[in-house]
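The values are calculated or read from the model by the stated rules, or taken from the named source; none is laboratory data. Quick caveat: nothing in here was measured; it's all calculated off a predicted structure. Reconstructed Cβ throughout: ideal geometry from the backbone, glycine too, with neighbour counts over all protein chains shown. Note: accessible area is taken over every heavy atom of the protein model, side chains too, but ligands, DNA and RNA are not part of it. Shrake-Rupley method; radii C 1.70, N 1.55, O 1.52, S 1.80 Å.
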Amino acid sequence: MAVVTKDNVVMPARGFYGLPLLRQFGLMAGLAASVAIGVAVVLWSQKPSYRMLYSGLAEQDSAAVTQSLQKSGIPYELADGAGTVMVPADQVHEARLKLAGEGLPKGVGAGFELLDNQKGFGVSQFMENARYQRALEGELAQTIASISSVRAARVHLAIPKQTAFVRSQKKPTASVMVDLYSGRGLDEGQVAAIGHMVAASIPNLDVDQVTIVDQQGRLLTQPDTGDDMRLTATQFDYRKRIEAYYTKRIEDIVTPIAGLGAVKAQVNADLDFTVTEETQESFNPNPPAVRSEQTVDEKTLSSQQSGGVPGSLSNQAPSTTAAAPAAEAAAPAGSSVQRTTRNYEIDKTISHTKRNGAAIKRLSAAVVIDDRTKVDEDGETVREPLSEEEIARITNLVKEAIGFDTERGDSVNVINQSFTLPPAPEELPEPSMLSTLNVWDIAKQALGIGVVLFLIFGVLRPVLRELAAKGKAPPQALPQGEGSMAEDQLTLSGGMRPAALPAGAAGGGYDSNLNMARTLASQDPKRTAQVVRNWVAAE
């Protein structure tokens, strides 16, 4: 919109107010959108990067963890159906320490703390036993889950009711389900350790009654194959240890001579696991020793003594004065008998011998030695085989290392062969800068600053510059007597100079103004007719 002053000077409308209403609305909407985009980009660039704090949490643990984070003033986000809790990357360790101090997360399986949380009067014996069994299962599950390869575990105990009748007693059983991490597994030793731990925690529970499976339904415990099969597995493990022991002895003594990685050895041990018990009793043919001796000497008298009638007189002792000489005179000569008994100790030896199994019956060793490497006169590395003398010396060393026994039938074979060199490993790619968290944060802030600068210098500045240029348009002088007509012409054009006229043509005099009026009339004939009609009506 143009304005005509009293001095017939045309003042064009300045800046924003000189635009049509639709363009004014579009410009305002564009400015508002630019400001909103700039603010959103700035907020996005300042938002911290979130990292996973815990994953696979139960609903109770998720609620407890988020409540604790909220009390501590640590922002968090939930993902994967509230099973994963994420916090800012620079506060992960701080959040874990605070949650660990509060004992979070507790896990799905509750232990003996379940007995503390469920108290009350009037609880039956059945419920107490059920709670105790559930608490025991939870404790075992938490202990098994502490193994590095196990993500979670569940334990089911089948404990029969105790009875006073021995014949009616049943042994308890247990089953364990382990949820392993992706790409992890349990070896036989770990499976046996879990079984023994569960069996030791339950009275009267045998290890054979513990069944362990994984999340894919695979049976990890070996079925009961009897004592003979278990003994065979033990013997096989012992044989492997013996062979590994002798192999290490060979490699340790030959490696300093041939070089590191230039010796490969294998030992085959033939063991006898027969257990022999022998009892032997032997007698010494040397003269025996006297253990005891007994001598008996007997004397018999042949004289006949008169006997009296039984009575009081015969029971009385004779007088010593008269009977003594008579007895001495009548004493006849008698006979004597002497017997001797001697007990001799026989030298006897009883020996009981028990020969344990795992006796070495035969050893067979195979050793391969790589060629020797050296630098020739041209400075190149060449490989040459070992001589027969060197191989013989190494063979003697190997025999001494394994305790070679000819009577046992041991054998040692040492050969020299060029090893095939493995291909050179490819270099690991260097980690990109975007893989680090700090670089990503810096890139976000730089991107936000770039977007804001683009909005300022690429959108807002050109628009403001154009408005400022339109507001600084120079005033145009009108000739005398043509003010009203020029005003209507400028009003028709909205203060804009016709594109067909050259710059500065509006101030060129009467002819120029006349040409401008003709141009405006040809561009908008309806408004020109309205202006002429207004002139006629005014006069």
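Within segment 89-96, one or more residues are surrounded by fewer than 16 Cβ atoms within 10 Å (Cβ to Cβ) and without any contact (Cβ under 8 Å) to a residue 40 or more places away in the chain.
Note on segment 163-184: residues that are assigned to a loop (DSSP other than H, G, I, E, B), under 17 Å from S201 (Cβ atoms) and open to solvent by 50 Å² or more (accessible area, probe 1.4 Å) amount to 1. Testing S201 on (1) modelled with pLDDT under 90; (2) under 28 Å from the mean Cα position of the chain (by Cα), one condition comes back false. Which one is that? S201 satisfies all of (1) modelled with pLDDT under 90; (2) under 28 Å from the mean Cα position of the chain (by Cα) except (1). Within segment 84-133, the only residue that satisfies the criterion of being modelled with pLDDT of 75 or more, under 21 Å from M177 (Cβ atoms) and outside any helix (DSSP H, G or I) is P105.
May I ask you to say which residue of A265, A244 is in a helix (DSSP H, G or I), of a type in the set (G, A, S) and either open to solvent by 90 Å² or more (accessible area, probe 1.4 Å) or at pLDDT 80 or above (or both)? Working first, answer last.
Values: A265 fails: in a helix (DSSP H, G or I).
Unique residue meeting the criteria: A244.
Does at least one position in segment 134-153 carry a residue that is basic (K, R), open to solvent by 90 Å² or more (accessible area, probe 1.4 Å) and modelled with pLDDT under 85? Yes, because at least one residue in segment 134-153 is basic (K, R), open to solvent by 90 Å² or more (accessible area, probe 1.4 Å) and modelled with pLDDT under 85. The residues of segment 162-198 that are β-branched (V, I, T), within 18 Å of N129 (Cα to Cα) and modelled with pLDDT under 90 amount to a single one, T163.
Suppose we keep only residues that are aliphatic (A, V, I, L, M) and touching a Ser or Thr at 6+ places or on another chain (Cβ under 9 Å) within segment 401-428. Which one would you say is surrounded by the most Cβ atoms within 10 Å (Cβ to Cβ)? This residue is V414. L78 meets the conditions (1) closer than 29 Å to A446 by Cβ; (2) over 21 Å from the mean Cα position of the chain (by Cα); (3) not in a helix (DSSP H, G or I); (4) not acidic (D, E) in every case but one. The failed one is (1).
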